[in-house]
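Readers should treat all values here as calculations from the given coordinates under stated rules, not as data from a laboratory. All values derive from a computational prediction rather than experimental measurement. Here Cβ is always computed from backbone atoms with ideal geometry, including for glycine, and neighbour counts include all displayed protein chains.
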């Protein structure tokens with residue numbers, strides 16, 4: 001039986017392995033190269049030998065150097081701080097807005113929701129350049145405010161919360177209202193305990209948005225001590241062009257952190273992006 | 001629950017999010033429109049003067065603008081269909097059920113954790129003409145080494161490949177979710193009626209996947225019109241302007257040459273271009289649906 005399965009499936013498995021390798025190979029090469037001394041990185045690539053993809057011994061010097069000498073730790077902490085604050089603030093303000101759109105009736109509801117949807121049809125990249133002028137008026141250029149505040153309100157996340165809250169039966173809220181509960185009690189006791197999945201998927205969306213953002217941090221900050229991880233990486237590749245092992249080490253750190261968060265929660269992430277996308 | 005009497009609570013709770021959206025998303029669009037009508041004064045540093053449509057007429061007379069527009073269009077004509085097609089293939093692969101698909105799916109998801117800057121940096125080293133992995137692998141197959149990013153004929157296509165490597169798995173998610181919504185009984189019924197794989201795809205999969213496909217195509221188009229990072233990190237718009245997309249030209253005008261008026265005019269052109277393309281895709285697809 002087992003042989004029969006492998007017999008029929010073997011070409012299929014080979015196809016999947018080939019496609020999988022296309023995705024994994026560059027990252028695998030990056031991983032092994034980061035664990036080599038600098039002078040050995042291109043030793044096995046031209047002409048190519050399989051040794052390029054395997055290691056006889058591990059050399060963690062590159063990881064050590066990026067944190068001790070290149071100040072990469074500051075960038076990791078900055079990104080973690082900016083992402084954490086944006087997730088926290090974003091969940092609160094977008095969650096409240098989604099809650100209001102889902103359960104309240106008030107004049108102007110349709111119009112305000114339309115404006116929300118409109119706001120996420122314009123990609124953030126498109127407005128990064130004019131946003132600079134707005135943030136300059138606030139005097140926030142080169143500060144954490146510039147990095148965090150524009151990312152807080154997010155039309156996609158509001159939409160996500162509204163969709164989720166609309167599925168919770170209204171009778172629950174009505175009953176609580178009959179018993180004299182105010183909106184805060186209803187939110188806290190009825191809606192919040194049910195919202196774990198939407199909070200996780202919204203949190204992941206906001207986290208990835210901030211962790212991967214590049215153009216906006218590039219133009220709104222200048223100081224070394226405000227560099228976020230993606231901007232630090234870009235500066236790195238310009239300044240230490242040939243420190244290949246350190247470049248690999250730094251980009252591995254920047255990739256592994258979101259993957260560690262994303263892969264265990266992939267179910268929520270997929271639910272989140274698809275619900276925000278076309279299921280609405 | 002109706003709170004007609006206390007609508008102010010609703011406004012109060014909405015205020016933080018909506019004020020932020022208005023200030024940080026909508027106001028910048030307004031400043032784009034307005035700011036593109038101003039230029040920095042030559043007489044007085046730091047003062048802006050109203051110049052009407054001057055930024056635009058200057059732009060339309062500039063051969064670099066037309067070159068950038070052409071590069072942007074060329075890039076998008078290739079990258080959007082390509083990414084949607086590859087994402088669809090991946091989604092179909094991810095949707096198969098046999099032992100091991102869970103593991104393969106995990107491999108397909110890995111580029112989700114890789115940001116565009118990281119993808120660019122990794123591929124720059126891989127595509128290094130002298131010692132990169134890409135050349136040594138194609139040498140194995142007997143193909144001579146290629147210049148890749150330093151060639152004006154290849155650089156743009158290398159960027160297409162890098163962006164697709166990074167982006168395909170993200171777009172796959174939507175199509176895969178769409179595929180899972182298609183009832184399996186439909187395929188069973190078609191199989192009993194003797195429909196082959198290709199016919200099943202065009203009769204069942206494609207029509208029922210129209211909504212997610214349209215969504216992916218439109219969103220992907222908007223993202224790729226604004227693609228900026230690979231040009232910024234790998235080619236600086238070169239060699240000889242062959243990868244100088246409008247977004248990169250806008251960034252350079254604003255933050256390298258300090259000409260905000262020109263930068264905003266370029267953003268305006270980009271916005272119009274994106275909206276026009278998306279509207280066109282939308283109409284094309286809904287017309288097909290009507291037929």
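Of note:
- Taking a ≥ b ≥ c as the square roots of the eigenvalues of the alpha carbon gyration tensor, region A:19-150 is prolate, as a/c is not under 1.5 and a/b beats b/c.
- Shielding of A:18-27 by partner chains, average beta-carbon count, 10 Å: 6
- Value of [θ]222 nm, deg cm²/dmol, for the protein assembly as shown, DSSP H segments ≥ 4, -39500 (n - 2.57) each, nearest 500: -22000 deg cm²/dmol
- Using equal-weight Cα scatterers in the Debye expression, the normalised intensity of chain B in log10 at q = 0.12 Å⁻¹ is -0.99.
- FRET efficiency for the pair residue B:255 and residue A:121, taken as 1/(1 + (r/R0)^6) with r the Cβ-Cβ distance and R0 = 41 Å, rounds to 0.95.
- In degrees, nearest ten, helix A:244-262 long axis to first principal axis of chain A (Cα): 30 degrees
- The Kirkwood hydrodynamic radius of region A:75-192, based on inverse pair distances between different Cα atoms, is 16.3 Å.
- Spin-label model distance (nm) - residue A:145 vs residue A:223, 7 Å beyond Cα toward Cβ: 1.3 nm
- If you plug the beta carbon distance of residue A:53 and residue A:260 into 1/(1 + (r/R0)^6) with R0 = 25 Å, you get a FRET efficiency near 0.60.
- The reciprocal of the average 1/r between distinct C-alpha atoms defines the Kirkwood hydrodynamic radius, which for chain A equals 22.2 Å.
- Averaged over peptide A:245-256, the number of partner chain Cβ atoms lying within 10 Å of each residue's Cβ comes to 3.
- Computed on the Cα trace of region A:60-111, the radius of gyration divided by the Kirkwood hydrodynamic radius gives Rg/Rh = 1.43.
- Shape box of the protein assembly as shown [Cα atoms, principal axes, largest first, Å]: 81, 77, 54
- Using alpha-carbon coordinates, inclination of helix A:155-166 to the longest axis of chain A, degrees: 60 degrees
- Part-to-part distance (alpha-carbon centres) for region A:36-110 and region B:10-76, which is given in Å: 31 Å
- FRET E, pair residue B:64, residue A:241, Förster distance 41 Å, beta-carbon r, rounded to 0.05: 0.90
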